[in-house]
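Down below is the structure, laid out as structure tokens.
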Amino acid sequence: MAMYKVVLADDELMALEGLRLMADWEEEGFEICGMCENGEEALSRILDCRPDLVITDIRMPGMDGLELISRVREAGVCDPLFVILSGYGDFDYARTALRHGVRSYLLKPVMEPEWEATLAKVQRELNERSLRKQQQSRMNELLLSAAIAGSLRGESLEAADKEAAALDRIDEQTPGWRYIHLEGVTEADMQWCRSLELPAGTWFIELYANQAGLASADPDQAGPLARRIHAGLRSRGSRRPVTVGPQVRSWRELAASYAGAADTALRFFFHTDLDGPVDYAQSIPPSFSYDLGSFGIADELMAHVECLREEEAGERMRRLFDRFREERTAPEVVYMVGINLVLRSLEALREMGDSSDLGRDFIALVRSEPKSLHALEESLHAFLLQVMRRIRDHREQDSRHPLTQIERYLQQHFREPLTVKELGEQFFIHPVYLGQAFIKKNGISLLEYVHDLRIEEAKKRLGESEETIRLIAEETGYQHYHHFLKEFEKRTGMKPAAYRQLQQSKG
């Protein structure tokens with residue numbers, strides 16, 4: 001805890017020594033920074049050491065205590081509390097002293113109880129004053145930080161004209177500014193940064209929900225401070241990148257330093273093993289590829305996922321991300337490919353009646369800052385493995401379901417006369433429930449499903465054989481030729497003869 005400074009002034013040496021011995025000053029939290037025998041000496045010492053408390057005799061040669069107080073007030077260099085000592089019970093002196101803001105007026109000889117009460121009163125006032133100064137200083141720092149943050153966000157500074165003027169005055173005393181960028185910071189990271197004791201002329205900037213930084217009016221200190229922040233985050237287990245933007249002349253140009261630091265942070269996408277902060281001045285600007293050819297590999301990967309070929313899917317995943325690394329694919333293209341795979345996988349699950357939210361972790365990673373290519377690869381691979389497990393589980397459950405058994409039966413017996421009633425009796429399911437459940441599962445009625453199977457078979461035979469159309473109709477399950485023609489044209493948009501001619505022209 002900082003000690004309060006006190007100056008003692010009395011033209012009588014014995015009285016001055018008595019003041020020194022009146023209290024255990026250090027124990028009481030005071031440091032004597034001057035013992036003066038006259039007003040001139042006291043004034044010089046006060047202006048030099050700027051004490052918190054002055055205890056002075058009221059009558060001294062050359063300059064008395066009241067003039068000393070007046071001269072200190074006029075100088076405006078400091079604002080100490082004054083305690084007056086006097087051997088005169090003069091009420092005029094007392095009134096004048098009070099007008100000068102003197103806290104206590106003590107008559108010599110000072111009695112111990114009175115002295116202790118006065119010193120306790122002075123201590124309370126100094127403590128309250130110190131607390132107010134700290135609070136005001138903290139408030140000023142927060143207002144300056146808010147003004148800088150507003151400037152970086154492009155907000156108007158009309159409401160912060162006092163803070164802007166204060167920062168302009170700092171501009172006059174510094175060779176420039178630099179911005180230290182922290183991307184993807186968590187609330188815990190933010191809290192840790194807020195607790196740091198920062199060098200003078202440095203402000204912690206809370207820019208957005210997951211972006212923060214430090215604005216430094218001492219460019220030479222930006223590098224060491226960035227290394228300190230980087231080491232602190234690493235010791236907390238955080239892999240957030242710390243980057244330093246280029247030097248700018250004024251705080252009003254800090255947006256350029258911030259932009260440079262943010263661009264430098266893009267290096268983290270391909271390099272997660274950075275052993276220190278990255279300085280814009282030493283960083284090669286990243287260049288990215290925006291080629292969309294990787295979507296072809298993603299299509300192959302998705303096909304293997306749907307067919308539950310884990311080994312092949314893993315190989316395509318490695319090929320996909322190796323291509324990203326080799327071509328230095330732009331992060332936004334990588335996100336597009338990844339999100340496309342997630343959405344297609346979730347759609348495949350939804351078609352099985354699975355409203356899974358498996359993709360939330362990957363989507364959250366894409367939305368977070370920062371993210372690395374390695375982290376995206378691990379997250380996407382884990383997601384696709386989960387998708388394949390879900391698909392496998394659904395298919396195993398589905399294979400034992402009565403409706404699946406009925407579908408397999410229809411695929412083998414669609415050429416035979418079939419009715420919902422007969423199928424219900426065969427599989428011990430009420431016909432009404434069977435019809436409703438089949439539509440819910442497949443989106444079409446059971447009889448429409450049978451017609452689809454029959455027409456697909458007819459199309460195949462029309463394209464591969466010279467059999468008559470009537471024979472094909474009969475052998476695919478249609479007892480009435482006109483019924484076959486109606487269902488065929490309904491599904492293909494053309495008559496069977498035209499379809500055969502089209503297929504033969506292709507062959």
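Below is a table of values for the structure above.
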| read-out | value |
| --- | --- |
| Test: residue in segment 83-90 that is assigned to a loop (DSSP other than H, G, I, E, B) and either at pLDDT 85 or above or surrounded by 17 or more Cβ atoms within 10 Å (Cβ to Cβ) (or both) | no |
| Boolean, PHE383 is aromatic (Phe, Trp, Tyr) and either modelled with pLDDT of 85 or more or surrounded by fewer than 18 Cβ atoms within 10 Å (Cβ to Cβ) (or both) | yes |
| Pair list, Cβ under 7 Å, 6 or more apart: segment 178-195 residue in the same structural domain as VAL278 (by TED's automatic domain parsing), other residue buried (at least 24 other Cβ atoms within 10 Å of the Cβ) and in a loop (DSSP other than H, G, I, E, B) | ARG178/GLY245; TYR179/GLY245; HIS181/GLY245; GLU183/PRO241 |
| Close pairs from segment 243-261: first in the same structural domain as ALA146 (by TED's automatic domain parsing) and over 23 Å from SER156 (Cβ atoms), partner in a loop (DSSP other than H, G, I, E, B) and of a type outside the set (A, V, I, L, M), Cβ under 7 Å, at least 6 apart | THR243/PRO277; VAL244/PRO277; GLN247/GLY176; GLY260/GLY245; GLY260/PRO246; ALA261/GLY245 |
| Qualifying residue in segment 261-272 (condition: among the acidic types (Asp, Glu) and modelled with pLDDT under 90) | yes |
| Filter result for LEU21 (at pLDDT below 95 and crowded, with 16+ Cβ neighbours inside 10 Å) | no |
| Qualifying residue in segment 55-76 (condition: at pLDDT 90 or above, in a helix (DSSP H, G or I) and touching a Cys at 6+ places or on another chain (Cβ under 6 Å)) | no |
| Contacts under 6 angstrom Cβ, first residue in segment 7-25 being in contact (Cβ under 8 Å) with a residue 12 or more places away in the chain, partner assigned to a helix (DSSP H, G or I) and of a type in the set (Lys, Arg), 6 or more apart | VAL7/ARG45 |
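Here is a yes/no grid of residues against (1) in the same structural domain as ARG319 (by TED's automatic domain parsing); (2) of a type outside the set (Gly, Ala, Ser); (3) in a helix (DSSP H, G or I):
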site: GLU377; (1), (2), (3): yes, yes, yes
site: ALA382; (1), (2), (3): yes, no, yes
site: GLN386; (1), (2), (3): yes, yes, yes
site: ARG389; (1), (2), (3): yes, yes, yes
site: GLU407; (1), (2), (3): no, yes, yes
site: LEU410; (1), (2), (3): no, yes, yes
site: ARG415; (1), (2), (3): no, yes, no
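Quick grid of which residues meet (1) in contact with a Lys or Arg (Cβ under 7 Å, 6 or more places away or on another chain); (2) more than 30 Å from GLN191 (Cβ to Cβ); (3) of a type in the set (Ser, Thr, Tyr):
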| site | (1), (2), (3) |
| --- | --- |
| GLY232 | no, no, no |
| ARG240 | no, no, no |
| PHE268 | no, no, no |
| TYR290 | no, yes, yes |
| SER294 | yes, yes, yes |
| ILE297 | yes, yes, no |
| GLU306 | no, yes, no |
| GLU310 | no, yes, no |
| ARG319 | no, yes, no |
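The values are calculated or read from the model by the stated rules, or taken from the named source; none is laboratory data. Because the structure is a prediction, the values reported are computed rather than measured. Please note: Cβ atoms are built from the backbone with ideal geometry, for glycine as well, and neighbour counts cover all protein chains shown.
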